[in-house]
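Everything on this sheet refers to the single structure shown next.
Every number here is computed from the coordinates shown, using simple stated rules; none is lab data. Everything numeric here is computed off the predicted structure, so don't read it as measured data. Note that we place each Cβ from the backbone using ideal geometry, even for glycine, and neighbour counts take in every protein chain shown.
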Amino acid sequence: MKNLVILLLILSAPAAAQKKLKTVEVSDTILHSFVDRAGEFYLVTLEGQLQKYDADGNLLVVYKGQTAPTLFDPRDGARLFAYYRSSQHYEYLSPSFEITSAYKIDPSFVIEPWLICPSGDHKLWVLDVADHSLKKINPRASEVEVEVIIDSTLIKNAGDFAMMREYQGFVFAYNPAKGILVFNGIGRHIKTIPARGLRSFHFLGEELYFIEDGKIKFIDLFSAELREVSHDLKEGVDILMTDTRLFHIHSKKVEVYEYTP
């Protein structure tokens, strides 16, 4: 990944021609949206619903929980992950949203978990708000494989972080005031992407992408090259992308478009 220290090269391009396929109306407010490797997309709503749609915007499954998960990750679509901070537990779900396993956070490993995301099939990355540590835990072996204290110049309060995901062996933790902090597989901070005030960020192939300044910005995870796609983006809109689809995520609807990278 060359430690993501290569000077970013900015390339601009217009948005690809799109054909609108469908508008999906949602009765509840959309908090978060995700897409899995198969191209199906997921919505997390304010009242705790998980909704799954196919690439054409057809509703496949709905799950109603008591509260919305703090962090949800559909991963490859075969084994979904949800973390609930209020009850300090996490769940793995099947593609039909059946809970296949659920676990409480072991307090001997973590004092005050703030964000938890999956690492591989059975391990976890945990951001601990009590001591500002980032830990990689192997629950099956009952051991902490990685534990680092995040430099105070990078983080003043772990509770400021809003999102965390592992991708391509790296951990991406988002702080709205600072940007996306990138850590390698041993917990070492290697770069901060200065993207502030984001609604979310996502991945497509070897790129991370997000909306900033009315543009879709892509950062190559290996060359650190930045490219921008001009787009007619309105306030409060998020974007999900696959190789064939582009989804505009609004507060209570999703617009489904054909897309050619």
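Laid out as a table, the results:
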quantity	calculated
Residues that are basic (K, R) and out of contact with any Lys or Arg (no Cβ under 9 Å at 6 or more places or on another chain), drawn from segment 21-64	K22, K52, K64
Qualifying residue in segment 142-154 (condition: assigned to a loop (DSSP other than H, G, I, E, B) and within 18 Å of the chain's Cα centre (by Cα))	no
Tally, over segment 85-112, of residues that are in a loop (DSSP other than H, G, I, E, B), under 19 Å from V44 (Cα atoms) and not hydrophobic (A, V, I, L, M, F, W, C)	8
Wholly within segment 161-215, strands (runs of 3 or more DSSP E) carrying at least 2 residues that are on the phi < 0 side of the Ramachandran plot and of a type in the set (D, E, K, R)	163-167, 207-212
Residue tally, condition assigned to a strand (DSSP E or B), among the hydroxyl-bearing types (S, T, Y) and out of contact with any Leu (no Cβ under 8 Å at 6 or more places or on another chain), over segment 22-73	1
Hits in segment 120-141 (condition: without any contact (Cβ under 8 Å) to a residue 24 or more places away in the chain, of a type in the set (D, E, K, R), outside any strand (DSSP E or B) and under 20 Å from D76 (Cβ atoms))	R140
Residues of segment 177-211 satisfying the condition of being closer than 20 Å to L31 by Cβ and surrounded by 15 or more Cβ atoms within 10 Å (Cβ to Cβ)	I180, A195, L198, R199, S200, F201, H202, F203, Y209, F210, I211
Considering residues of segment 136-182 that are touching a Phe, Trp or Tyr at 6+ places or on another chain (Cβ under 7 Å) and of a type in the set (K, R) only, the residue nearest to D36 (Cα to Cα)	R165
